[in-house]
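See structure below.
The values are calculated or read from the model by the stated rules, or taken from the named source; none is laboratory data. Given the structure is predicted, the values throughout are model-derived calculations rather than measurements. Here the Cβ positions follow ideal geometry from the backbone for every residue, glycine too, while neighbour counts run over all protein chains shown.
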Amino acid sequence: MDLGILTYDETEWATTHTGNKVNKKHGITGTQNIIIAGKSIIEKSVSIRGGLAAVRIGKNCILKSGCHIRPCFKYFNKKPTQCNTIIGDYVFMEEGCIVNASQIYSFVHLGARCILGNGCVIRECSRVLPGSVIPPDTIFPPFSTIGGSPARVIGNEPLCTENLMIEACTMYYENFVPKNSHKPSLT
Amino acid sequence: MSALLQSFRVKYECSCGKFRNLSDLHFCRQCFKIKCEECACVEIDMLYCARCLEASTVPEARLKKNQCFNCVECPMCMNILSGRTENDKFFLICQACSWQTREAGIEDRDSAKKWPVYENEITNEMNDVMNHMKKLEMIQNAPKDSKNRKISKGWSAHHLPNKFGLQSMVEKKRQMMFPDLTPLSVHEPEEPLSLEEELENRYKSKNLRTADQIIRQPLASSDQPLFPVRVPLQGRTSIRCDECERTLVKRDYGVVAYKFKISAFAREYVPDIRISRPVQFENDKTSHVLLTITNLSSSPIQLKISPQEKSRDDLVECSTPPVNISIPCSIDTDTAGVPAEKSDVIVFRQHNRIGLNFDFIPNQSNEHFLALSLEYTQNGSFGLLADKSQNTEEASSKVLKANVIVQLHN
């Protein structure tokens, strides 16, 4: 199914010169530590804890409402140290995800309300099923379907996931338009 | 991503007759056939541990019994165990269920590797029997081997004086061909527990175990504690066409590689059909479905879409006549989104996408499927990719066919 056109109220949203669209009712702190590459959509009540450590988000990422991104911490010499969180390009996060991961690679789809434990790593082209809980310090290989609590690899994603994710994320961004604009609706 | 685009609603027929998602299919450029993983040859490309992403060679994997020696999983919840230190000694803890190696009665160790596992009690006996059988095989094959050797019958090393140590060499070789056999003691089978007794034992033990836990450690009896489980190695696969044996999909070198050396995904050769908007059903009245067709290949496609006749109860009856269209390839992206020529069927053209409107009458049941058959030709680069022995022109004008079933209901 094609993704339909989504309209938004321009007064509630801010657009940066790199094409990022951010809802003004966000919970982003420590903005000097956050880098968002461009063409990303950050919806209402998304919180990014940039005050703890640096957060880098790639291009064409979609963070739906209620997502919470918090840098992970690791113990060095018995003292916890906050580590940077890196999120790749074309990552789609559904509503209410709690991300405490150390790294999410490109073309990853996180289902609604999933919880990513401290310091976990998700490699490219993977999909996390809705409601799964990933325990801390786990690593998942590319092309894995992850699900369950505690989450495990329960299947494989199609090998052309990279193309599908690029298509879907680009389509979502292009169809996300202000209310008053006249995007030519073809249907 | 297939979940977001709901690609499961459109199924393509593979050359083996099964209907699958387009993203799961491959296209053989030499046989001009759609192949799925079941009808193509799937080969193991590389063995690796899915927990630490470390590759291992085949002999190494065989030596390790196809298990990773560095990673261990929790016997309770199958999550990876992580090491902790206390007084310079290691123990393992599961971060999901808080199970510890101390609970299994394993003492803390000096190194975080090499945790005990249950071994089969008769492993040594089995090895002895295997060695014995190998010796027997050698004796059985000895006459055959000596026949194959080209030595004249008249000559024998036995006649040589043992001056240069030749005699002992020959004797050694002879012994290798006819090894000494020491008879093995007969294995005495033990009386196995009856099913009732075993179930009773299991019920009596304090910790009832799930079937998963028992299957993962079959050698642990019900009164023994469960030990950490070694992680089984996984195979990364490459796909080869079963007819022409050409590689369809091969990933780059490296466990974590996600790019491909060779890839022939069906969506890059076959027109991609998708439902554009949710379908509104009106009972016994003509309803409409808007399908978008995308050409993701590198050459323009001449396409003929014709609805199939109602052969099953769950199929809907489509009144739209067959449609002939040409779709430009994704490189020619000059055509901006415009409402198309005056036609009831073609709704819009945008770059390499075309929107088509199909009329159908819903059937009585709750399930509605629309069956379409596609006939398409591609020219340009597609023909050049064909086998050189074939005529290029013939290959480029070859009419390819595909059957599609579209699930109209949610």
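Residues of the stretch B:303-319 that are under 26 Å from A:Leu3 (Cα atoms) and modelled with pLDDT of 85 or more: B:Leu303, B:Lys304, B:Ile305, B:Ser306, B:Pro307. Of all residues in the stretch A:119-134, those that are at the interface with another protein chain (Cβ under 7 Å from one of its Cβ atoms) and either surrounded by fewer than 21 Cβ atoms within 10 Å (Cβ to Cβ) or out of contact with any strand residue (DSSP E or B) (no Cβ under 8 Å at 6 or more places or on another chain) (or both) total 2. Within the stretch B:108-139, the only residue that satisfies the criterion of being over 17 Å from B:Asn70 (Cβ atoms) and touching a strand residue (DSSP E or B) at 6+ places or on another chain (Cβ under 8 Å) is B:Asp108. For the stretch B:176-217, a residue qualifies if it is more than 20 Å from B:Glu125 (Cα to Cα) and among the β-branched types (Val, Ile, Thr), and the qualifying residues are B:Thr210, B:Ile214, B:Ile215.
Matching residues to (1) of a type in the set (Val, Ile, Thr); (2) under 13 Å from B:Arg267 (Cα atoms); (3) at pLDDT below 90:
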residue	(1), (2), (3)
B:Ala3	no, no, yes
B:Phe8	no, no, yes
B:Lys11	no, yes, no
B:Cys28	no, yes, yes
B:Phe32	no, no, yes
B:Cys41	no, no, no
B:Tyr48	no, no, no
B:Arg62	no, no, no
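Consider the stretch B:225-278 and keep the residues that are free of Cβ contacts under 8 Å to residues at least 12 places away in the same chain and of a type in the set (Lys, Arg). The one that is farthest from the other protein chains (Cβ to nearest Cβ) is B:Lys261.
Looking only at the stretch B:106-130, which residues are touching a residue at least 40 places away in the same chain (Cβ under 8 Å), farther than 22 Å from B:Val231 by Cβ and out of contact with any His (no Cβ under 9 Å at 6 or more places or on another chain)? Before the answer, list the steps.
Here is the first cut: in the stretch B:106-130, the ones touching a residue at least 40 places away in the same chain (Cβ under 8 Å) are B:106, B:113-120, B:122, B:125, B:128-129.
Applying the additional criterion that residues be farther than 22 Å from B:Val231 by Cβ yields B:122, B:125, B:128-129.
Selection gives B:Asp128 alone.
Let's see how each residue does on (1) farther than 18 Å from B:Ile80 by Cα; (2) under 17 Å from the mean Cα position of the chain (by Cα):
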| site | (1), (2) |
| --- | --- |
| A:Phe107 | yes, yes |
| A:Asn118 | no, yes |
| A:Ile122 | no, yes |
| A:Pro136 | no, no |
| A:Pro141 | no, no |
| A:Thr145 | no, yes |
| A:Ala151 | no, no |
| A:Leu159 | yes, no |
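The stretch B:31-121 holds strands (runs of 3 or more DSSP E) entirely within its bounds, and those carrying 1 or more residues that are of a type in the set (Lys, Arg) and closer than 30 Å to B:Tyr12 by Cβ map to B:33-35.
When you scan the stretch A:43-54, do you find a residue that is in a strand (DSSP E or B) and in contact (Cβ under 8 Å) with a residue 24 or more places away in the chain, even just one? Within the stretch A:43-54 (the criterion being in a strand (DSSP E or B) and in contact (Cβ under 8 Å) with a residue 24 or more places away in the chain), the answer is no, since none of the residues qualifies.
Considering the stretch B:94-111, the residues that are more than 32 Å from the chain's Cα centre (by Cα) and surrounded by 17 or more Cβ atoms within 10 Å (Cβ to Cβ) include one that is nearest to the other protein chains (Cβ to nearest Cβ), namely B:Trp99.
Take B:Glu393 and tell me if it is over 25 Å from B:Phe19 (Cα atoms) and either at pLDDT 80 or above or surrounded by fewer than 17 Cβ atoms within 10 Å (Cβ to Cβ) (or both). Step through it out loud before you land on a result.
Working: over 25 Å from B:Phe19 (Cα atoms): yes; either at pLDDT 80 or above or surrounded by fewer than 17 Cβ atoms within 10 Å (Cβ to Cβ) (or both): yes.
Spelling it out, B:Glu393 is indeed over 25 Å from B:Phe19 (Cα atoms) and either at pLDDT 80 or above or surrounded by fewer than 17 Cβ atoms within 10 Å (Cβ to Cβ) (or both).
Scanning the stretch B:36-65 for residues that are over 16 Å from the mean Cα position of the chain (by Cα) and within 12 Å of chain A (Cβ to nearest Cβ) yields a total of 5.
Flag: B:Tyr12 does not match the condition of being buried (at least 19 other Cβ atoms within 10 Å of the Cβ), within 9 Å of another protein chain (Cβ to nearest Cβ) and out of contact with any Pro (no Cβ under 6 Å at 6 or more places or on another chain). Counting only strands (runs of 3 or more DSSP E) that sit wholly inside the stretch B:181-262, those with at least 2 residues that are within 29 Å of B:Val72 (Cα to Cα) and among the polar types (S, T, N, Q) are B:234-240.
Condition check for B:Asn357 on (1) at pLDDT below 80; (2) in contact with an Asp or Glu (Cβ under 9 Å, 6 or more places away or on another chain): one failure, at (1).
Please go through the stretch B:314-330 and give me each residue that is under 30 Å from B:Lys398 (Cβ atoms) and either in contact with a His (Cβ under 7 Å, 6 or more places away or on another chain) or within 14 Å of another protein chain (Cβ to nearest Cβ) (or both), ordered by number. Answer for the stretch B:314-330, where residues must be under 30 Å from B:Lys398 (Cβ atoms) and either in contact with a His (Cβ under 7 Å, 6 or more places away or on another chain) or within 14 Å of another protein chain (Cβ to nearest Cβ) (or both): just B:Ser330.
When the residues of the stretch B:78-92 are narrowed to those that are of a type outside the set (Gly, Ala, Ser) and within 11 Å of another protein chain (Cβ to nearest Cβ), which ends up farthest from B:Ala211 (Cα to Cα)? Working first, answer last.
Here is the first cut: in the stretch B:78-92, the residues of a type outside the set (Gly, Ala, Ser) are B:78-81, B:84-92.
Retained after the next criterion (residues that are within 11 Å of another protein chain (Cβ to nearest Cβ)): B:78-81, B:84-85.
On the way: B:Met78: 13, B:Asn79: 16, B:Ile80: 19, B:Leu81: 21, B:Arg84: 29, B:Thr85: 32 Å.
That would be B:Thr85.
Checking each residue in the stretch A:118-144 for being over 21 Å from B:Val256 (Cα atoms) and of a type in the set (Gly, Ala, Ser) picks out A:Gly131, A:Ser132. Take the conditions (1) modelled with pLDDT of 90 or more; (2) under 13 Å from A:Thr7 (Cα atoms); A:His182 misses just one of them, which is (1). Here the stretch B:279-313 is the region considered, the condition is being in a strand (DSSP E or B) and small (Gly, Ala, Ser), and the residue that is nearest to the other protein chains (Cβ to nearest Cβ) is B:Ser287.
Go through the stretch B:340-379 residue by residue and tally those that are touching a residue at least 12 places away in the same chain (Cβ under 8 Å), of a type in the set (Asp, Glu) and surrounded by fewer than 15 Cβ atoms within 10 Å (Cβ to Cβ). Can you show your working first?
In the first step, residues of the stretch B:340-379 are kept if they are touching a residue at least 12 places away in the same chain (Cβ under 8 Å); the result is B:340, B:344-347, B:349-363, B:365-379.
With of a type in the set (Asp, Glu) added as a condition, the list becomes B:344, B:359, B:367, B:375.
This time we only want the ones that are surrounded by fewer than 15 Cβ atoms within 10 Å (Cβ to Cβ), so: B:344, B:367.
Number satisfying all stated conditions: 2.
Name every residue in the stretch A:158-172 that is more than 8 Å from chain B (Cβ to nearest Cβ) and either surrounded by 23 or more Cβ atoms within 10 Å (Cβ to Cβ) or within 18 Å of A:Cys114 (Cβ to Cβ) (or both), in order of residue number. Reasoning before the result, please.
The initial filter retains those residues of the stretch A:158-172 that are more than 8 Å from chain B (Cβ to nearest Cβ), namely A:166, A:169-172.
Matches in the stretch A:158-172: A:Cys169 only.
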